[in-house]
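Note sheet for the following structure.
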Amino acid sequence: MSIIAYKYTGDSSFSKSNGSSGKQIVMAGGGIPTSTGGDKAYPGNLTLYVTFTCVVAAMGGLIFGYDIGISGGVTSMNPFLQKFFPSVYRKQIEDTSTNQYCKFDSQILTMFTSSLYLAALVSSLVASTVTRKLGRKLSMLFGGILFCAGALMNGFAQAIWMLIVGRILLGFGIGFANQSVPLYLSEMAPYKYRGALNIGFQLSCTIGILVANMLNYFFDMIKGGWGWRLSLGGAVIPALIITIGSLFLPETPNSMIERGNKEEAREKLRRIRGVDNVDQEFYDLVMASEASKMVEHPWRNLLQKKYRPQLIMAILIPAFQQLTGINVIMFYAPVLFKTIGFGGKASLMSAVITGSVNVMATCVSIYGVDRWGRRFLFLEGGTQMLICQVAVAIFIGSKFGIDGNPGELPKWYALVVVLFICLYVSGFAWSWGPLGWLVPSEIFPLEIRSAAQSITVSMNMIFTFIVAQVFLTMLCHLKFGLFIFFAFWVVVMTAFIYVFLPETKNIPIEEMVVVWKNHWFWSRFMVDVEYPNGVEMTNGGQLVKEV
Ligand code: BGC
């Protein structure tokens, strides 16, 4: 018998020591732990098989991203506006006296963008049950099919109701996909690479946004003014990728065990990890599943005191992610760039630029998340966004003033604004963007995982909806102060992370309870919580576990 001791060594690291030899290895402070005698690090490799399945599953993020990227561009295409929103079109073209900030202020136009998010929020609640009872991959399949239907409806739309119904179907699809894909990735990945593999979801989301931005740019040039149909209908392609992909994906071992297929799960785990001896991890998964069976009502359970930290994170992390103001850039970059004086084409081009920055900066976080940790990225990204938001507010404010009349905008001026917007986007793309999905998906214990993930998706969608719905009105009233509004929230969320979020890198997913137990604040909610699989607390604040 060897004794493993876990010791919390501050806010961002864990150390684990072999009781018999006294050897100590740092688990989360200084990179990926090396396995030493007695270390419980699960054996296993980053196999080709797991990498491939995660790449395919991550493509679920494409539909989410494609949609985010397409709506902003389409709503700035004149033929689209003329057909469905003639009053907005007239206001934009004819009314030269209207304050520049208010040109696009139309509730019905924003309703087009944001209806999807309401639908997604409703469907993610349904998806929770499907994901838990029928498995992760079926949720992905439903997501893909619904999204396909929505894309076709939008591509062939003849009237505004077809647009809205199409958006609602797309929203249903996104609700299912965003519920299941992040969970799937976090469960499949070996824990040392969980961050990097999970961020595949966000990476494909950013690729979806970029591709959509570029397509808008080219489709807008199509003569006859029907390019918007291709933009909207093009969503069929990412939808088919995830629909067909999900048919071939294996189920996660966690979900197999949860649904009673233990032996199959053990075999699958061997295949995924590429080693024969998966006993320890398998045992832990079974234990987690046993614990979860005792929970009959995952929703009601979420309200128990011992799940308070997870519940608060499930609510606040996605809300904060949206309060960074990122979607003001993502949805409305073309509108925003038009507002600050770029021409129609230049504005779509600028959106392509921010889209590329978004993709590249996401790769930085894939590289760093399991090395530098979640907290470091959150804190750095927050600070960077804050500086950029203040700079953009000053630049736009000093040029447009209160009446929003810029006159001729010098080229260098516009370039500086685009530069700061790019720096802001990169700050988001290696922090709140990926971590807003990764951290919630890895902190929930199995028994509440699906339900809690639905809360995360719903909160994300509510706040996306609110920001999308009120942004154009806020721009009209707050003017450049809008950037200060979001900057304020960035200060709040960065402080929140600093004080309340424990580091979760390199902690096995079914052992996560340890981080709350050892947190200066959250430990008070965990008094009656057992450590996973017999880990116990000793006098010196050390966690001792027999293996
Ligand atoms: C957010 C989206 C956002 C996107 C930008 C995602 O993580 O949930 O709302 O548009 O990142 O890359």
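Points worth noting:
- Matching residues in the stretch 286-305 - criterion: being at pLDDT 85 or above, over 25 Å from the mean Cα position of the chain (by Cα) and within 25 Å of HIS519 (Cα to Cα): GLN304, LYS305
- Criterion: part of a helix (DSSP H, G or I), over 29 Å from TYR307 (Cα atoms) and within 13 Å of the ligand (Cβ to nearest atom) - qualifying residue of GLY427, GLY436: GLY427
- Scan of the stretch 355-373 for residues that are touching a Pro at 6+ places or on another chain (Cβ under 8 Å) and within 12 Å of the ligand (Cβ to nearest atom), ordered by number: THR362, SER365
- Of all residues in the stretch 244-262, those satisfying the criterion of being open to solvent by 20 Å² or more (accessible area, probe 1.4 Å) and assigned to a helix (DSSP H, G or I) are ILE244, LEU247, PHE248, GLU258, LYS262.
- Every test in (1) open to solvent by less than 10 Å² (accessible area, probe 1.4 Å); (2) within 16 Å of the ligand (Cβ to nearest atom); (3) not aliphatic (A, V, I, L, M) is passed by GLY200 save one, and that test is (1).
- Residues in the stretch 42-72 that are modelled with pLDDT under 90, closer than 15 Å to LEU210 by Cβ and among the β-branched types (Val, Ile, Thr): ILE68, ILE70.
- Given (1) without any contact (Cβ under 8 Å) to a residue 24 or more places away in the chain; (2) open to solvent by 10 Å² or more (accessible area, probe 1.4 Å), index of the condition ALA265 fails: (2)
- PRO532 vs. criteria more than 30 Å from GLY69 (Cβ to Cβ), open to solvent by less than 50 Å² (accessible area, probe 1.4 Å) and at pLDDT 90 or above: no
- Hits in the stretch 40-82 - residues which are closer than 25 Å to SER350 by Cα and surrounded by fewer than 20 Cβ atoms within 10 Å (Cβ to Cβ): ASN78, PRO79, GLN82
Yes/no matrix, rows are residues, columns are (1) within 16 Å of the ligand (Cβ to nearest atom); (2) in the same structural domain as GLY382 (by TED's automatic domain parsing); (3) open to solvent by 30 Å² or more (accessible area, probe 1.4 Å):
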site: VAL416; (1), (2), (3): no, yes, yes
site: LEU446; (1), (2), (3): no, yes, no
site: MET459; (1), (2), (3): yes, yes, yes
site: ILE466; (1), (2), (3): yes, yes, yes
site: VAL470; (1), (2), (3): yes, yes, yes
site: ALA495; (1), (2), (3): no, yes, yes
site: ILE507; (1), (2), (3): no, no, no
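- Residues (touching a Cys at 6+ places or on another chain (Cβ under 7 Å), more than 15 Å from the ligand (Cβ to nearest atom) and assigned to a helix (DSSP H, G or I)) located in the stretch 176-197: MET188, LEU197
The values are calculated or read from the model by the stated rules, or taken from the named source; none is laboratory data. Nothing here was measured: the structure is a model prediction, and the numbers come from that model. Virtual Cβ from ideal backbone geometry, glycine too; neighbours counted across all protein chains shown. Heads up: the accessible areas ignore ligands, DNA and RNA and are worked out on the full protein's heavy atoms, side chains in. Shrake-Rupley method; radii C 1.70, N 1.55, O 1.52, S 1.80 Å.
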